[in-house]
Structure formats: structure tokens, C-alpha cells
């Protein structure tokens with residue numbers, strides 16, 4: 001996994017962070033860059049051992065006006081249950 005933080009003197013690009021990585025064993029892929037005005041990237045995690053033991057994550061960030069972020073998370077373990085989803089849109093000007 002490669003993680004970086006860049007701080008610039010420019011207000012528009014104040015702090016830029018990024019994560020890049022791949023793990024075949026955990027079936028985890030991350031490629032994302034975030035800045036003050038938004039981000040772009042994807043994260044996918046598929047750890048499925050059985051129907052009663054899994055960890056799944058899909059995260060997408062785009063610079064598109066109609067879809068800036070989408071998120072689906074599902075986690076089921078012996079002592080934990082977590083299911084979430086979300087979508088963030090930017091209001092379009094007419």
C-alpha cells in the first residue's frame with residue numbers, strides 16, 4: 001500500500017492525499033486521490049469466506065456532477081453486522 005499526503009501553499013490545492021494498493025490474498029484494490037474540492041478513485045474489497053462470514057466494500061469517487069460519491073459496505077462476522085450504502089450528488093444548475 002502506498003499512501004501519500006502533499007501540502008501545497010495554494011489554497012485551491014491545500015492538502016492532497018492518495019492511497020494506492022493491491023492485495024491478492026485479501027482481494028483488496030485501492031486507487032484514490034482526494035483534494036479539498038473532491039476526489040477521484042475506487043476501492044474494492046471482497047473477502048467472502050461464507051454466507052455468514054464476509055466483508056465487502058465498494059467505494060467510487062468521481063468528478064462528475066451527477067455522481068460524486070457512491071458507497072456499498074457489507075460486513076457480517078460472528079460478533080458484528082454492518083450493512084451500509086450511500087450516494088452523494090451535487091445539485092445540478094439549470
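Laboratory data are not the source of any read-out in this text; all were calculated from the coordinates shown. Worth saying up front: this structure is predicted, and the values here are computed from it rather than measured. As a convention, Cβ positions derive from the backbone with ideal geometry for all residues, glycine included, and neighbour counts pool all protein chains shown.
Cut-off is 10 Å between beta-carbons; in what order do 26, 43 appear when sorted fewest neighbours first?
The order, fewest Cβ neighbours first, is 26, 43.
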Convex hull volume of the chain per residue (C-alpha atoms, cubic angstrom): 115
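How large is the Kirkwood hydrodynamic radius of the stretch 1-54, in angstrom, based on all distinct alpha carbon pairs?
Taking the inverse mean of 1/r over all distinct Cα pairs, the stretch 1-54 comes out at 12.8 Å.
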Stretchable slack from residue 11 to residue 70, in nm (0.36 nm times residue separation minus alpha-carbon distance): 18.6 nm
